[in-house]
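What follows is a short report on a single structure.
The values are calculated or read from the model by the stated rules, or taken from the named source; none is laboratory data. Keep in mind it's a predicted model, so treat the numbers as computed, not measured. Cβ placement follows ideal geometry from the backbone for every residue including glycine, while neighbour counts extend to all protein chains displayed.
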Amino acid sequence: MACRICNNDNLIKFLSLGQTPLANSFLEKEDLNKKEDTYPLEVGFCPNCKLVQLYYVVPPGMMFTNYLYVSSTSDTFKLHFSKMAEELSNLMKLDVNSLAVDIGSNDGVLLKGFQKFGVRTVGVEPATNIAEIAKKNGIDTINDFFNDSVTDQILSSKGHADVITANNVFAHTDAIKRIIYNVKRLLKDDGIFVIEVAYLVDMLQKMTFDIIYHEHLFYYSLAPLDYLFNQQGMQIFDVQRIPTHGGSLRVFVKKLESSKPVEKSVSEILGKEKEMGIHELRIYENFANRVYEAKEQLVKLIKGLKNQGKAIAGYGAPAKSTTLLNFCGLGRGFIDYIVDENNLKQGLYTPGTHIPITPPSMLDKRRPDYILILAWNFAEEILNKTKKYKDDGIKFIIPLPEPVTV
Ligand code: JHZ
(Lines give C-alpha, C1' and ligand atoms only; values in the text may rest on other atoms or scores of the structure.)
Protein backbone atom coordinates (compact mmCIF):
# COMPACT_ATOMS: atom_id res chain seq x y z
CA MET A 1 0.00 0.00 0.00
CA ALA A 2 1.23 3.51 -0.80
CA CYS A 3 1.43 6.40 1.67
CA ARG A 4 -1.72 8.54 1.52
CA ILE A 5 0.27 11.78 1.47
CA CYS A 6 3.43 11.18 -0.55
CA ASN A 7 2.66 7.93 -2.42
CA ASN A 8 5.81 6.22 -1.20
CA ASP A 9 5.03 2.51 -1.38
CA ASN A 10 7.53 1.39 1.24
CA LEU A 11 5.44 1.79 4.37
CA ILE A 12 6.82 -0.05 7.37
CA LYS A 13 4.35 -1.93 9.55
CA PHE A 14 5.18 -1.63 13.26
CA LEU A 15 2.02 -2.51 15.20
CA SER A 16 -0.87 -4.90 14.88
CA LEU A 17 -3.81 -4.70 17.29
CA GLY A 18 -5.54 -7.64 15.64
CA GLN A 19 -8.99 -7.73 14.08
CA THR A 20 -11.46 -5.38 15.75
CA PRO A 21 -15.03 -4.26 15.09
CA LEU A 22 -15.64 -0.60 14.20
CA ALA A 23 -15.13 1.47 17.33
CA ASN A 24 -18.55 3.13 17.35
CA SER A 25 -20.55 0.14 16.12
CA PHE A 26 -22.37 -0.39 19.41
CA LEU A 27 -24.90 -3.22 19.25
CA GLU A 28 -28.62 -3.51 19.91
CA LYS A 29 -29.62 -6.43 22.13
CA GLU A 30 -31.11 -8.34 19.18
CA ASP A 31 -27.79 -8.14 17.30
CA LEU A 32 -25.76 -9.83 20.00
CA ASN A 33 -26.02 -13.28 18.43
CA LYS A 34 -25.27 -12.10 14.91
CA LYS A 35 -21.78 -12.30 13.47
CA GLU A 36 -19.96 -9.00 13.82
CA ASP A 37 -17.70 -7.68 11.09
CA THR A 38 -14.12 -7.06 12.14
CA TYR A 39 -11.29 -5.40 10.29
CA PRO A 40 -7.51 -5.53 10.64
CA LEU A 41 -6.07 -2.79 12.83
CA GLU A 42 -2.50 -2.44 11.61
CA VAL A 43 -0.33 0.61 11.73
CA GLY A 44 2.57 1.63 9.52
CA PHE A 45 5.11 4.44 9.23
CA CYS A 46 6.12 6.23 6.04
CA PRO A 47 9.87 6.85 6.18
CA ASN A 48 9.56 9.49 3.46
CA CYS A 49 6.93 12.02 4.68
CA LYS A 50 6.80 10.51 8.24
CA LEU A 51 3.05 9.92 8.26
CA VAL A 52 1.83 7.17 10.60
CA GLN A 53 -1.25 5.53 9.11
CA LEU A 54 -3.56 2.55 9.08
CA TYR A 55 -3.33 -0.01 6.32
CA TYR A 56 -6.99 -0.89 6.07
CA VAL A 57 -9.45 1.85 5.07
CA VAL A 58 -13.09 1.27 5.99
CA PRO A 59 -15.48 3.15 3.65
CA PRO A 60 -16.44 6.37 5.50
CA GLY A 61 -20.17 5.93 4.84
CA MET A 62 -20.05 2.83 7.07
CA MET A 63 -18.70 4.79 10.00
CA PHE A 64 -20.06 8.30 9.81
CA THR A 65 -23.60 8.25 8.43
CA ASN A 66 -25.28 7.34 11.69
CA TYR A 67 -23.05 8.40 14.55
CA LEU A 68 -23.28 8.03 18.30
CA TYR A 69 -20.66 10.51 19.38
CA VAL A 70 -22.11 13.79 20.62
CA SER A 71 -19.45 16.43 21.34
CA SER A 72 -21.43 18.26 24.01
CA THR A 73 -21.67 15.21 26.31
CA SER A 74 -18.67 16.43 28.28
CA ASP A 75 -18.37 19.77 30.06
CA THR A 76 -14.65 19.76 29.31
CA PHE A 77 -15.40 19.78 25.58
CA LYS A 78 -18.13 22.39 25.79
CA LEU A 79 -15.68 24.70 27.51
CA HIS A 80 -12.87 23.81 25.10
CA PHE A 81 -14.91 24.69 22.03
CA SER A 82 -16.51 27.83 23.42
CA LYS A 83 -13.02 29.08 24.30
CA MET A 84 -11.78 28.16 20.83
CA ALA A 85 -14.58 30.17 19.22
CA GLU A 86 -13.77 33.12 21.46
CA GLU A 87 -10.04 32.96 20.69
CA LEU A 88 -10.57 32.71 16.93
CA SER A 89 -13.20 35.48 16.95
CA ASN A 90 -10.75 37.78 18.74
CA LEU A 91 -7.78 36.75 16.60
CA MET A 92 -9.64 37.35 13.34
CA LYS A 93 -11.76 40.27 14.64
CA LEU A 94 -14.89 38.47 13.48
CA ASP A 95 -18.24 40.27 13.44
CA VAL A 96 -21.71 40.01 11.94
CA ASN A 97 -20.27 40.18 8.43
CA SER A 98 -17.90 37.27 9.00
CA LEU A 99 -18.47 33.63 8.13
CA ALA A 100 -17.21 30.62 10.11
CA VAL A 101 -17.54 27.16 8.59
CA ASP A 102 -16.98 24.04 10.67
CA ILE A 103 -16.24 20.74 8.93
CA GLY A 104 -17.42 17.74 10.97
CA SER A 105 -19.49 20.11 13.08
CA ASN A 106 -21.20 17.39 15.13
CA ASP A 107 -23.93 18.91 17.33
CA GLY A 108 -22.71 22.45 16.59
CA VAL A 109 -20.84 22.90 19.87
CA LEU A 110 -18.12 25.08 18.29
CA LEU A 111 -20.41 27.11 16.03
CA LYS A 112 -22.62 27.97 18.98
CA GLY A 113 -19.56 29.71 20.41
CA PHE A 114 -19.06 31.75 17.22
CA GLN A 115 -22.73 32.74 17.25
CA LYS A 116 -22.18 34.46 20.61
CA PHE A 117 -20.01 36.94 18.69
CA GLY A 118 -22.69 37.47 16.05
CA VAL A 119 -20.66 35.60 13.44
CA ARG A 120 -22.59 33.89 10.62
CA THR A 121 -21.99 30.15 10.77
CA VAL A 122 -22.55 26.98 8.82
CA GLY A 123 -21.72 23.44 9.83
CA VAL A 124 -21.03 20.44 7.62
CA GLU A 125 -21.83 17.13 9.28
CA PRO A 126 -22.19 13.75 7.53
CA ALA A 127 -24.05 11.99 10.34
CA THR A 128 -27.77 12.51 9.70
CA ASN A 129 -28.86 11.90 13.29
CA ILE A 130 -26.23 14.29 14.69
CA ALA A 131 -26.91 16.99 12.04
CA GLU A 132 -30.56 16.86 13.18
CA ILE A 133 -29.52 17.56 16.78
CA ALA A 134 -27.48 20.57 15.58
CA LYS A 135 -30.36 21.93 13.51
CA LYS A 136 -32.69 21.60 16.49
CA ASN A 137 -30.14 23.66 18.46
CA GLY A 138 -30.43 26.43 15.87
CA ILE A 139 -27.16 25.68 14.06
CA ASP A 140 -27.40 25.89 10.26
CA THR A 141 -25.99 22.51 9.21
CA ILE A 142 -25.47 20.81 5.84
CA ASN A 143 -25.86 17.07 6.26
CA ASP A 144 -23.06 15.77 4.04
CA PHE A 145 -19.34 15.16 3.78
CA PHE A 146 -17.37 18.32 2.95
CA ASN A 147 -17.03 17.86 -0.81
CA ASP A 148 -17.08 19.86 -4.05
CA SER A 149 -20.83 20.40 -4.17
CA VAL A 150 -21.12 21.38 -0.50
CA THR A 151 -18.37 23.93 -1.12
CA ASP A 152 -20.27 25.32 -4.13
CA GLN A 153 -23.45 25.45 -2.05
CA ILE A 154 -21.78 27.46 0.76
CA LEU A 155 -20.05 29.78 -1.72
CA SER A 156 -23.29 30.60 -3.47
CA SER A 157 -25.42 30.96 -0.36
CA LYS A 158 -22.99 32.59 2.11
CA GLY A 159 -19.84 33.61 0.21
CA HIS A 160 -16.22 33.08 1.25
CA ALA A 161 -15.28 32.16 4.79
CA ASP A 162 -13.08 34.04 7.25
CA VAL A 163 -12.43 30.97 9.35
CA ILE A 164 -12.77 27.29 8.49
CA THR A 165 -12.29 24.73 11.24
CA ALA A 166 -11.98 20.95 11.16
CA ASN A 167 -11.52 19.44 14.58
CA ASN A 168 -10.84 15.73 14.81
CA VAL A 169 -11.53 15.37 11.10
CA PHE A 170 -8.10 15.17 9.49
CA ALA A 171 -7.38 11.82 11.07
CA HIS A 172 -10.74 10.50 9.94
CA THR A 173 -10.74 10.83 6.20
CA ASP A 174 -8.75 9.58 3.29
CA ALA A 175 -9.95 12.64 1.36
CA ILE A 176 -7.59 15.12 3.05
CA LYS A 177 -6.22 16.46 -0.25
CA ARG A 178 -9.68 17.13 -1.65
CA ILE A 179 -10.67 18.81 1.63
CA ILE A 180 -7.68 21.15 1.37
CA TYR A 181 -8.54 21.87 -2.28
CA ASN A 182 -12.07 22.88 -1.27
CA VAL A 183 -10.87 24.81 1.78
CA LYS A 184 -8.71 26.89 -0.56
CA ARG A 185 -11.76 27.59 -2.73
CA LEU A 186 -13.96 28.53 0.20
CA LEU A 187 -11.51 30.57 2.27
CA LYS A 188 -10.97 34.32 1.83
CA ASP A 189 -7.37 35.11 0.82
CA ASP A 190 -6.64 36.41 4.32
CA GLY A 191 -8.81 33.80 6.06
CA ILE A 192 -7.50 30.97 8.22
CA PHE A 193 -8.03 27.24 8.34
CA VAL A 194 -7.66 25.73 11.81
CA ILE A 195 -7.53 22.03 12.52
CA GLU A 196 -7.20 19.98 15.66
CA VAL A 197 -5.76 16.49 15.53
CA ALA A 198 -4.60 14.06 18.20
CA TYR A 199 -0.83 14.48 18.47
CA LEU A 200 1.32 11.47 17.74
CA VAL A 201 3.99 12.63 20.20
CA ASP A 202 1.43 12.54 23.03
CA MET A 203 0.23 9.11 21.93
CA LEU A 204 3.80 7.80 21.99
CA GLN A 205 4.70 9.42 25.30
CA LYS A 206 1.46 8.73 27.17
CA MET A 207 0.88 5.31 25.62
CA THR A 208 -2.65 6.20 24.55
CA PHE A 209 -2.65 3.46 21.95
CA ASP A 210 -6.41 2.96 22.31
CA ILE A 211 -6.97 6.03 20.10
CA ILE A 212 -5.95 3.69 17.29
CA TYR A 213 -9.15 2.53 15.59
CA HIS A 214 -10.52 2.47 12.07
CA GLU A 215 -12.04 5.95 12.23
CA HIS A 216 -8.52 7.26 12.72
CA LEU A 217 -6.60 6.61 9.53
CA PHE A 218 -3.78 8.97 10.43
CA TYR A 219 -1.67 9.68 13.56
CA TYR A 220 -0.06 13.02 12.94
CA SER A 221 3.09 14.69 14.01
CA LEU A 222 3.60 18.19 12.64
CA ALA A 223 6.15 17.09 10.01
CA PRO A 224 3.75 15.23 7.67
CA LEU A 225 1.12 17.96 8.10
CA ASP A 226 3.71 20.52 7.06
CA TYR A 227 4.60 18.34 4.08
CA LEU A 228 0.92 17.91 3.16
CA PHE A 229 -0.03 21.58 3.30
CA ASN A 230 3.08 22.61 1.34
CA GLN A 231 2.30 19.97 -1.25
CA GLN A 232 -1.26 21.28 -1.56
CA GLY A 233 -0.30 24.97 -1.78
CA MET A 234 -1.10 26.15 1.76
CA GLN A 235 1.15 27.00 4.68
CA ILE A 236 1.11 26.29 8.40
CA PHE A 237 1.77 29.57 10.20
CA ASP A 238 1.22 28.69 13.85
CA VAL A 239 0.77 25.62 16.01
CA GLN A 240 -0.23 25.00 19.62
CA ARG A 241 -0.19 21.90 21.79
CA ILE A 242 -3.55 21.47 23.51
CA PRO A 243 -4.75 18.92 26.10
CA THR A 244 -7.78 17.38 24.34
CA HIS A 245 -7.89 13.62 23.67
CA GLY A 246 -4.78 13.04 25.74
CA GLY A 247 -2.85 15.67 23.77
CA SER A 248 -3.55 17.26 20.41
CA LEU A 249 -2.21 19.87 18.03
CA ARG A 250 -4.14 22.95 16.98
CA VAL A 251 -2.68 23.88 13.60
CA PHE A 252 -3.24 27.28 11.92
CA VAL A 253 -3.01 27.27 8.13
CA LYS A 254 -3.13 30.11 5.61
CA LYS A 255 -3.24 30.57 1.89
CA LEU A 256 0.03 31.36 0.17
CA GLU A 257 -1.51 34.75 -0.81
CA SER A 258 -1.86 35.75 2.86
CA SER A 259 0.81 37.98 4.34
CA LYS A 260 0.45 36.58 7.88
CA PRO A 261 3.89 35.94 9.40
CA VAL A 262 4.91 32.38 10.19
CA GLU A 263 5.33 32.07 13.96
CA LYS A 264 8.38 30.40 15.44
CA SER A 265 6.15 27.78 17.09
CA VAL A 266 6.23 25.91 13.77
CA SER A 267 9.99 25.49 13.51
CA GLU A 268 10.23 24.89 17.27
CA ILE A 269 7.82 21.96 17.22
CA LEU A 270 9.32 20.55 14.02
CA GLY A 271 12.75 20.78 15.65
CA LYS A 272 11.59 19.04 18.84
CA GLU A 273 10.02 16.22 16.83
CA LYS A 274 13.30 15.64 15.00
CA GLU A 275 15.23 15.72 18.26
CA MET A 276 13.02 13.08 19.88
CA GLY A 277 13.50 10.74 16.91
CA ILE A 278 9.96 10.86 15.56
CA HIS A 279 11.34 10.34 12.06
CA GLU A 280 13.03 7.08 12.94
CA LEU A 281 11.54 3.64 12.93
CA ARG A 282 13.13 2.80 16.28
CA ILE A 283 10.67 4.97 18.21
CA TYR A 284 7.71 3.07 16.70
CA GLU A 285 9.19 -0.36 17.36
CA ASN A 286 9.75 0.68 20.94
CA PHE A 287 6.16 1.98 21.19
CA ALA A 288 4.80 -1.33 19.88
CA ASN A 289 6.72 -3.25 22.56
CA ARG A 290 5.33 -0.96 25.25
CA VAL A 291 1.79 -1.44 23.92
CA TYR A 292 2.07 -5.21 24.42
CA GLU A 293 3.46 -4.62 27.93
CA ALA A 294 0.63 -2.20 28.79
CA LYS A 295 -1.88 -4.81 27.72
CA GLU A 296 -0.24 -7.45 29.90
CA GLN A 297 -0.28 -5.17 32.95
CA LEU A 298 -3.92 -4.19 32.58
CA VAL A 299 -5.07 -7.76 31.97
CA LYS A 300 -3.08 -8.96 34.98
CA LEU A 301 -4.67 -6.33 37.23
CA ILE A 302 -8.24 -6.98 36.07
CA LYS A 303 -7.86 -10.77 36.18
CA GLY A 304 -6.34 -10.50 39.66
CA LEU A 305 -9.32 -8.47 40.89
CA LYS A 306 -11.79 -10.91 39.35
CA ASN A 307 -9.99 -13.80 41.03
CA GLN A 308 -10.54 -12.02 44.33
CA GLY A 309 -14.27 -11.86 43.50
CA LYS A 310 -14.36 -8.11 42.91
CA ALA A 311 -17.08 -6.54 40.76
CA ILE A 312 -15.84 -4.13 38.10
CA ALA A 313 -17.82 -1.53 36.15
CA GLY A 314 -16.57 0.85 33.45
CA TYR A 315 -17.03 4.62 33.22
CA GLY A 316 -17.53 5.98 29.72
CA ALA A 317 -17.96 3.97 26.53
CA PRO A 318 -15.79 6.05 24.21
CA ALA A 319 -14.78 4.79 20.79
CA LYS A 320 -11.32 4.10 22.16
CA SER A 321 -12.68 1.60 24.68
CA THR A 322 -13.49 -0.67 21.74
CA THR A 323 -9.78 -0.91 20.97
CA LEU A 324 -8.73 -1.31 24.59
CA LEU A 325 -11.33 -3.91 25.54
CA ASN A 326 -11.00 -5.98 22.37
CA PHE A 327 -7.21 -5.88 22.26
CA CYS A 328 -7.04 -6.86 25.95
CA GLY A 329 -9.82 -9.45 25.63
CA LEU A 330 -11.81 -7.83 28.46
CA GLY A 331 -15.46 -8.64 27.91
CA ARG A 332 -18.50 -9.33 30.03
CA GLY A 333 -16.72 -11.92 32.15
CA PHE A 334 -14.60 -9.10 33.57
CA ILE A 335 -16.66 -5.93 33.34
CA ASP A 336 -20.30 -6.14 34.38
CA TYR A 337 -21.53 -2.96 32.74
CA ILE A 338 -20.32 0.43 31.55
CA VAL A 339 -22.03 3.68 32.42
CA ASP A 340 -22.18 6.52 29.90
CA GLU A 341 -24.14 9.77 30.00
CA ASN A 342 -24.69 9.84 26.25
CA ASN A 343 -28.25 8.58 25.99
CA LEU A 344 -27.64 7.43 22.39
CA LYS A 345 -25.27 4.78 23.76
CA GLN A 346 -27.37 3.72 26.77
CA GLY A 347 -29.16 0.39 26.25
CA LEU A 348 -26.58 -0.70 23.66
CA TYR A 349 -23.68 -3.17 23.99
CA THR A 350 -19.97 -2.62 23.35
CA PRO A 351 -18.68 -3.81 19.94
CA GLY A 352 -16.96 -7.19 20.13
CA THR A 353 -17.06 -7.44 23.93
CA HIS A 354 -20.85 -7.13 24.42
CA ILE A 355 -20.79 -5.27 27.73
CA PRO A 356 -24.10 -3.47 28.42
CA ILE A 357 -24.03 0.33 28.51
CA THR A 358 -26.26 1.88 31.12
CA PRO A 359 -27.05 5.30 32.59
CA PRO A 360 -24.74 6.30 35.49
CA SER A 361 -27.54 5.54 38.01
CA MET A 362 -26.62 1.84 37.62
CA LEU A 363 -23.67 2.49 39.94
CA ASP A 364 -26.19 2.94 42.76
CA LYS A 365 -28.24 -0.10 41.80
CA ARG A 366 -25.36 -2.54 41.30
CA ARG A 367 -22.52 -1.25 43.37
CA PRO A 368 -19.12 -2.29 41.94
CA ASP A 369 -15.88 -2.58 43.89
CA TYR A 370 -13.88 -0.99 41.10
CA ILE A 371 -14.64 1.45 38.29
CA LEU A 372 -12.40 1.31 35.23
CA ILE A 373 -12.27 4.79 33.69
CA LEU A 374 -12.40 4.02 29.99
CA ALA A 375 -12.82 7.71 29.09
CA TRP A 376 -9.40 8.33 30.72
CA ASN A 377 -9.09 11.69 28.90
CA PHE A 378 -11.83 12.97 31.20
CA ALA A 379 -10.54 11.25 34.35
CA GLU A 380 -10.56 14.49 36.31
CA GLU A 381 -14.13 15.42 35.32
CA ILE A 382 -15.31 11.87 36.04
CA LEU A 383 -13.50 11.61 39.40
CA ASN A 384 -15.02 14.93 40.43
CA LYS A 385 -18.57 13.92 39.63
CA THR A 386 -18.24 10.50 41.26
CA LYS A 387 -16.76 11.62 44.57
CA LYS A 388 -19.57 10.01 46.54
CA TYR A 389 -18.58 6.55 45.24
CA LYS A 390 -14.95 7.11 46.15
CA ASP A 391 -16.02 8.24 49.63
CA ASP A 392 -18.07 5.06 49.79
CA GLY A 393 -14.92 2.97 49.24
CA ILE A 394 -15.18 2.24 45.51
CA LYS A 395 -11.78 2.31 43.82
CA PHE A 396 -11.10 3.78 40.39
CA ILE A 397 -8.65 2.42 37.82
CA ILE A 398 -7.10 4.66 35.17
CA PRO A 399 -5.89 2.16 32.56
CA LEU A 400 -3.13 4.03 30.68
CA PRO A 401 -0.15 4.65 30.38
CA GLU A 402 0.00 1.92 33.00
CA PRO A 403 -2.94 0.99 35.21
CA VAL A 404 -3.18 3.17 38.31
CA THR A 405 -5.71 2.60 41.10
CA VAL A 406 -6.95 5.64 43.00
P1 JHZ B 1 -14.52 10.74 24.15
C2 JHZ B 1 -14.39 10.64 19.91
O3 JHZ B 1 -13.71 9.57 20.49
C4 JHZ B 1 -14.99 10.18 18.65
P5 JHZ B 1 -14.16 8.94 21.86
C6 JHZ B 1 -14.21 10.49 17.45
N7 JHZ B 1 -14.00 9.31 16.67
C8 JHZ B 1 -12.88 11.02 17.65
O9 JHZ B 1 -12.13 11.05 16.73
C10 JHZ B 1 -12.42 11.45 18.93
O11 JHZ B 1 -13.51 11.72 19.78
C12 JHZ B 1 -11.48 12.58 18.79
C13 JHZ B 1 -18.81 9.66 28.07
N14 JHZ B 1 -18.71 10.53 29.25
O15 JHZ B 1 -14.86 12.18 24.06
C16 JHZ B 1 -19.24 10.39 26.84
C17 JHZ B 1 -19.63 10.37 30.25
O18 JHZ B 1 -20.51 9.52 30.17
O19 JHZ B 1 -13.33 10.41 24.96
C20 JHZ B 1 -18.56 9.62 25.73
O21 JHZ B 1 -19.36 8.51 25.35
N22 JHZ B 1 -19.55 11.17 31.35
C23 JHZ B 1 -14.93 11.53 16.70
O24 JHZ B 1 -15.49 8.30 21.69
C25 JHZ B 1 -17.29 9.12 26.37
O26 JHZ B 1 -17.49 9.15 27.77
C27 JHZ B 1 -18.61 12.12 31.48
O28 JHZ B 1 -18.55 12.83 32.49
O29 JHZ B 1 -13.02 8.11 22.33
C30 JHZ B 1 -16.10 10.00 26.07
O31 JHZ B 1 -15.77 9.92 24.72
C32 JHZ B 1 -17.67 12.29 30.42
C33 JHZ B 1 -16.59 13.32 30.52
C34 JHZ B 1 -17.74 11.47 29.33
O35 JHZ B 1 -14.32 10.29 22.71
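Assorted remarks:
- From the options VAL194, VAL183, VAL169, VAL239, residue that is among the aliphatic types (A, V, I, L, M) and within 15 Å of the ligand (Cβ to nearest atom): VAL169
- Of note, LEU325 does not satisfy the criterion of being within 25 Å of THR20 (Cα to Cα), aliphatic (A, V, I, L, M), modelled with pLDDT under 95 and under 21 Å from the mean Cα position of the chain (by Cα).
- Within segment 293-391, helices (runs of 4 or more DSSP H) holding 2 or more residues that are within 11 Å of the ligand (Cβ to nearest atom) and over 22 Å from THR38 (Cα atoms): 379-385
- Exactly one residue out of VAL163, VAL197 is β-branched (Val, Ile, Thr), under 25 Å from PRO318 (Cβ atoms) and surrounded by 20 or more Cβ atoms within 10 Å (Cβ to Cβ): that is VAL197.
- When we screen LEU305, LEU249 for residues that are assigned by TED's automatic domain parsing to the domain that holds LEU374 and out of contact with any Pro (no Cβ under 7 Å at 6 or more places or on another chain), the only hit is LEU305.
- Some residue of segment 352-364 being over 23 Å from LEU68 (Cα atoms), crowded, with 16+ Cβ neighbours inside 10 Å and of a type outside the set (Ser, Thr, Tyr): no
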